[in-house]
1. Could you tell me whether LEU77 is farther than 15 Å from TYR64 by Cβ, buried (at least 16 other Cβ atoms within 10 Å of the Cβ), in contact with a Phe, Trp or Tyr (Cβ under 8 Å, 6 or more places away or on another chain) and among the hydrophobic types (A, V, I, L, M, F, W, C)?
2. Would a scan of segment 108-118 turn up a residue that is among the β-branched types (Val, Ile, Thr) and touching a residue at least 40 places away in the same chain (Cβ under 8 Å)?
3. Any residue at all in segment 128-141 that is at pLDDT below 90, over 16 Å from GLY73 (Cβ atoms), in contact with a Leu (Cβ under 8 Å, 6 or more places away or on another chain) and assigned to a strand (DSSP E or B)?
4. Which condition breaks for GLU115 when tested against (1) more than 18 Å from THR55 (Cβ to Cβ); (2) at pLDDT below 85?
Amino acid sequence: MRTLAKNTRGFTLIELLIVMVILGLLTALVGPRMFGHVSSSKIKAARAQIEMMGTALDTFRLDYGRYPKTEDGLAILWNKPEDEQLATQWRGPYLKKKVEKDPWGSFYVYAAPGEHGEYDLSSLGADGKPGGSGDDADINSWE
């Protein structure tokens with residue numbers, strides 16, 4: 001059996017409370033900064049995905065002479081169309097992975113022809129509603 005040395009002692013309650021207060025303060029100061037980076041990375045990811053899908057849409061246009069119709073949706077970029085006429089020209093997949101949803105889990109909004117160009121592609125931001133500011137702001141292909 002081991003015997004404890006006479007000079008050993010544990011932490012006092014006050015010492016433990018001081019350490020817990022310091023850890024709480026550090027969490028309160030560092031936590032918001034870390035969450036701020038998470039939201040800005042989602043915005044950057046949505047912009048990158050819209051840019052990537054824009055390139056895939058341009059490639060589709062080279063094959064078909066037009067952008068996918070709104071009814072076709074973005075799925076035509078990774079799924080071969082069932083329509084036989086479209087399927088014969090399809091040289092996809094135009095995207096390696098399907099990208100249906102934005103980083104906040106909402107579906108991308110696609111319209112062709114668009115109000116701002118030949119197509120409009122948007123993420124509705126964190127709130128999933130049109131408009132907004134900050135994290136809730138829409139991210140659009142035409143901006």
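1. Working: farther than 15 Å from TYR64 by Cβ: no; buried (at least 16 other Cβ atoms within 10 Å of the Cβ): yes; in contact with a Phe, Trp or Tyr (Cβ under 8 Å, 6 or more places away or on another chain): yes; among the hydrophobic types (A, V, I, L, M, F, W, C): yes.
Here the answer is no, as LEU77 does not meet what is asked.
2. Restricting attention to segment 108-118, the residues satisfying the condition of being among the β-branched types (Val, Ile, Thr) are 109.
Keeping just the survivors that are touching a residue at least 40 places away in the same chain (Cβ under 8 Å) gives none.
Taking every residue of segment 108-118 in turn, none turns out to be among the β-branched types (Val, Ile, Thr) and touching a residue at least 40 places away in the same chain (Cβ under 8 Å).
3. yes
4. If we test GLU115 against (1) more than 18 Å from THR55 (Cβ to Cβ); (2) at pLDDT below 85, just (2) comes out false.
The values are calculated or read from the model by the stated rules, or taken from the named source; none is laboratory data. Fair warning: this is a prediction, and the values are worked out from it, not measured in the lab. Glycine gets a Cβ as well: all are built from the backbone with ideal geometry, and neighbour counts include every protein chain shown.
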